[in-house]
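Asks: Okay, handing you the structure first.
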Amino acid sequence: MASHIVGYPRMGPKRELKFALESFWDGKTTAEDLQKVSADLRSSIWKQMSDAGIKYIPSNTFSYYDQVLDTTTMIGAVPPRYNWNGGEIGFDTYFSMARGNASVPAMEMTKWFDTNYHFIVPELGPEVKFSYASHKAVNEYKEAKAVRLGVDTVPVFVGPVSYLLLSKPAKGVEKTFDLLSLLDKILPIYKEVIAELKAAGATWIQFDEATLVKDLEPYQLEAFTKAYSDLESSCSGLNVIVATYFADIPTDAFKVLTTLPGVTGYTFDLIRGEKTLDLIKTSFPSGKYLFAGVVDGRNIWANDLAGSLSVLESLEGIVGKDKLVVSTSSSLLHTAVDLVNETKLDDEIKSWLAFAAQKVVEVNALAKALSGQKDEAFFAANAAAQASRKSSPRVNNESVQKAAVALRGNDHRRATNVSARLDAQQKKLNLPILPTTTIGSFPQTIELRRVRREYKAKKISEEEYVKAIKEEIFKVVQLQEELDIDVLVHGEPERNDMVEYFGEQLSGFAFTANGWVQSYGSRCVKPPIIYGDVSRPKAMTVFWSTMAQEMTKRPMKGMLTGPVTILNWSFVRNDQPRFETCYQIALAIKDEVEDLEKAGITVIQIDEAALREGLPLRKSEHAFYLDWAVHSFRITNVGVQDTTQIHTHMCYSNFNDIIHSIINMDADVITIENSRSDEKLLSVFREGVKYGAGIGPGVYDIHSPRIPSMEEIHDRVNKMLAVLETNILWVNPDCGLKTRKYGEVKPALENMVTAAKKLRAELASAK
């Protein structure tokens, strides 16, 4: 009876780690306090899995910030700007790399494959002196094995080849530098860790090599064979698992993986990797362990246990009963923690769901059934819930389905080209060159959160709530006018989250109280659950946007979240194609856009922060996704007048490979992350891509507490002017300001506006 979990959420069922981290960062608690909370969380996770009967329990999946950053610290790859002088890396250096500090910026952060999790991108080059600088993996293995717990875990690592493939050349290193050339330099560190683990009694070890599911060149695939050949003697006496997840594994990668020397077994995602099942059935090597990922690590729907058991039974004859292990499709990091904390979800919807804790139980139930100890009552309850979901009238809305079908065959483009629209908009808006704006949200203070919480708990009246929110909006508008920002926002004080806020007002959505998922560091999101057809019963933002516009003569942006981002940042129903759900959301947002325009809002921002993260990992699937995703965005604003300016915003991602799809969105203005990624976005324009719409590459990183100087922003905008026309360039931060403090926001925005004004004067005098 063999069961395995790839990885587990680290934040805690009530976000205990988040609060411990933020308290430590604010100087309210000590490092020892943070370590105590963290140790208690790890202990409870290991005990929970052990009590549930899981055989292969992971360790080293806990992190204070990010597992890739943990690997960077393990091998001592600290960029020189952090002034690390060797030895064991402590919190000061670790968190400076993650968040920046008063004097140096953070390392780049980008999306982890096609998830909403962000990792810290390693900065590497030929001059890096690698050394064993963090004993975290060994310490956690020993911690689990200690007498109090006595759990023999499987230490988990980002595999050496995937680590290098996910890295980037450091500043000053040639962009063409072959990162895989560093393999010989980092493998000795991995060997040191392996030796320590063996000495501590470890018998299994797991390397996550998720890049194997991507389109890799032959020389990249060869690096896997080279790495594991080199590690083979060090791993002697250990059972080695190599884990892949998030997609089908290509045939050439499957061949390489299943012939790696010294590897005992392989983990495959059989939820998103349906074609992988065929490869296993025809080409799985004899004598190896198959860790079959049949329980979804990325969604919150209860497993179809009967269906999964059928798949497992078909695999049993291929790999052998003693070599088949039931597993999750990926780490459970990407799902919510425990359904037991959801006391307000109605019973019917709750019966359709399984969070991480429940998925652990599902994995074990399948393993027991496979070994002849099937829990008939558990399987019967699961079958009843599956049937209830299929037949529930709450799921299906015929009129919504018909409206979505009617979209087919129409391209949904605005009638006038973007150049003519921008001319019409400028006549109406009369903006200066290099207009300044912000992305949407302003700091969410403790007081503001208290007001929203008390209103939700019915402790204050609607009248009191509206008064408090109106005062906050007025404060934000007044601040922007004092700073002389050109296009204003209302600051979004009424919003808890950019997706949840809209989902709460759309039909077909359900909400959790504690369904938190880590996005990066201490930042967690609570994705809505899309369980049925989506529609908009009434206007969602018009009241607040018109209230804000009445407070100023300057343009006030109406702020919406786009359909693709709502989709990609939700737990999406798995009983119909994702694009069908996206079209339904697009129609709901279209209604809101048109209502805002009727109410006199002339600038409307439809954020598509998550458009790229939904991009499939395989290039052959890109075109189909981008076609329906971009189409969904165009549906939202196809009906507005030429004088209504449509903005969109995109967050941390590599956009260079989808720039033509971004142009195809046909927005009037796009604001886009730029500063934290070494301005690599600008390289697209240096390479000759012509962009005719307005564009605002971010001029400073809002995810760091560091305040950029006026000179720094001035230089950054000057770099942009070298590749972009003056008349299309906007000046704005990278992202919304929700997570920052006013003491950071005011001086940063002041420096931003001053830099823009200085550049305007320089451009005018140069004429």
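Asks: Beyond 25 Å between alpha-carbons counts as too far, so tell me which of K28/K359; K402/K538; K168/K746 fall in that bin.
Replies: Over 25 Å apart, Cα to Cα: K28/K359; K168/K746.
Asks: Right, next: Evaluate the relative contact order of the range 199-307 (contact order divided by residue number), counting alpha-carbon pairs under 8 angstrom at least 6 apart; express in whole percent.
Replies: 26
Asks: Sequence neighbours fewer than 8 away in the same chain don't count; with that in mind, list the lysines whose C-alpha is under 16 Å from K281.
Replies: K255, K321, K323
Asks: Enter the accessible area per residue of the chain (Å², integer; probe 1.4 Å; all protein chains in place).
Replies: 38
Asks: Under 8 Å for C-alpha pairs, at least 6 residues apart: give me the relative contact order for the range 74-161, rounded to a whole percent.
Replies: In percent, rounded to a whole number, it is 30.
Asks: Here's a follow-up. Assigning unit charges at the beta carbon (Lys, Arg +1; Asp, Glu -1) and nothing else, what dipole magnitude in debye, to the nearest 20, does the range 223-343 show about its Cα centre?
Replies: About 340 debye.
Asks: Then there is this: For the pair A102/A424, report the inter-label distance in nm, with labels modelled 7 Å from Cα in the Cβ direction.
Replies: Result: 5.2 nm between the two label points.
Asks: Using 1/(1 + (r/R0)^6) with R0 = 41 angstrom and r between the beta carbons of D40 and N718, what's the FRET efficiency to the nearest 0.05?
Replies: Working from the Cβ atoms, E equals 0.25.
Asks: Let me ask something else. Averaging sequence separations of C-alpha pairs under 8 Å and six or more residues apart, then dividing by the length of the chain, give the relative contact order as a whole percent.
Replies: Normalised by residue count, the contact order of the chain is 13 percent.
Asks: Measuring from label point to label point, each 7 Å out along Cα→Cβ, what is the Y742 to I446 span in nm?
Replies: A separation of 1.4 nm, rounded to one decimal place.
Asks: Ranking request for peptides 446-452, 387-393: highest mean number of other beta-carbon atoms within 10 Å first, then the rest in descending order.
Replies: 446-452, 387-393
Asks: Separate question: Run the numbers for E32 and T203: contour at 0.36 nm per residue of separation, minus the present Cα-Cα distance, in nm.
Replies: Gain on stretching E32 to T203: 58.5 nm.
Asks: So for the chain, taking the charge dipole from beta-carbon charges (+1 Lys/Arg, -1 Asp/Glu), which of P432, F268, M720 sits furthest toward the positive end?
Replies: Result: P432, furthest along the dipole toward the positive end.
Asks: What FRET efficiency comes out for the pair A381/N727, r = Cβ-Cβ distance, R0 = 51 Å, nearest 0.05?
Replies: E between A381 and N727, to the nearest 0.05, is 0.20.
Asks: Turning to a different aspect of this structure: Ranked highest first by the average count of other Cβ atoms within 10 Å around their residues, in what order do 23-35, 588-600 fall?
Replies: 588-600, 23-35
Asks: Residue farthest toward the positive end of the dipole of the chain, with Cβ of Lys/Arg at +1 and Asp/Glu at -1: which of H412, L124, L17?
Replies: Of the options given, the answer is L17.
Asks: Right, here's the next one. Kindly identify the range 678-767 as rounded, prolate or oblate by the Cα gyration tensor criterion: order the square roots of the eigenvalues as a ≥ b ≥ c, call it rounded if a/c is under 1.5, otherwise compare a/b with b/c, prolate if a/b is larger, else oblate.
Replies: Note, shape of the range 678-767 comes out oblate.
Asks: Pick the calculated Cα Rg over 2.2 N^0.38 Å for this structure from (i) 1.00; (ii) 0.95; (iii) 1.05?
Replies: Computed from the coordinates, Cα Rg over 2.2 N^0.38 Å corresponds to (ii).
Asks: Turning to a different aspect of this structure: What's the carbon and sulfur percent of the range 273-376's accessible surface, probe 1.4 angstrom, rounded to a whole number?
Replies: In the range 273-376, the share of accessible area belonging to carbon and sulfur is 46 percent.
Asks: Dipole magnitude of the chain about its Cα centre, charges +1 at Lys/Arg Cβ and -1 at Asp/Glu Cβ only, in debye to the nearest 20?
Replies: Computed charge dipole of the chain: roughly 540 debye.
Asks: Take the residue pairs K14/K456; K344/K741; K470/K738 and return only those whose Cα atoms are more than 21 Å apart.
Replies: K344/K741
Asks: Expressed as a whole percentage, what fraction of the accessible surface of the range 1-134 belongs to carbon and sulfur atoms when a 1.4 Å probe is rolled over the protein heavy atoms?
Replies: For the range 1-134, the apolar C and S fraction of the accessible surface comes to 51 percent.
Asks: What order, most packed first, do the peptides 140-153, 311-324 have when packing is the mean number of other Cβ atoms within 10 Å of each residue?
Replies: 140-153, 311-324
Asks: If R0 is 25 Å, what FRET efficiency do you get for K553 and E462 from their C-beta distance, rounded to 0.05?
Replies: The pair K553/E462 has a calculated efficiency of 0.30.
Asks: Each label point is 7 Å from the Cα along the Cα-to-Cβ direction; what then is the distance between the points at K758 and E174, in nm?
Replies: Using points 7 Å along Cα→Cβ, the separation is 3.6 nm.
Asks: Could you check how much of the accessible area of the range 659-767 is carbon and sulfur, as a whole percent, using a 1.4 Å probe?
Replies: 51
Asks: Give the angle, between 0 and 90 degrees and rounded to the nearest 10, that separates the Cα long axis of helix 578-598 from the longest principal axis of the Cα atoms of the chain.
Replies: Once rounded, the angle reads 20 degrees.
The values are calculated or read from the model by the stated rules, or taken from the named source; none is laboratory data. Not measured: the values here are computed from a predicted model. Note: ideal-geometry Cβ built from the backbone for every residue, glycine included; neighbour counts use all protein chains shown. When the accessible area is computed, the model is the full protein with side chains, heavy atoms only, and any ligands, DNA or RNA have been set aside. Shrake-Rupley method; radii C 1.70, N 1.55, O 1.52, S 1.80 Å.
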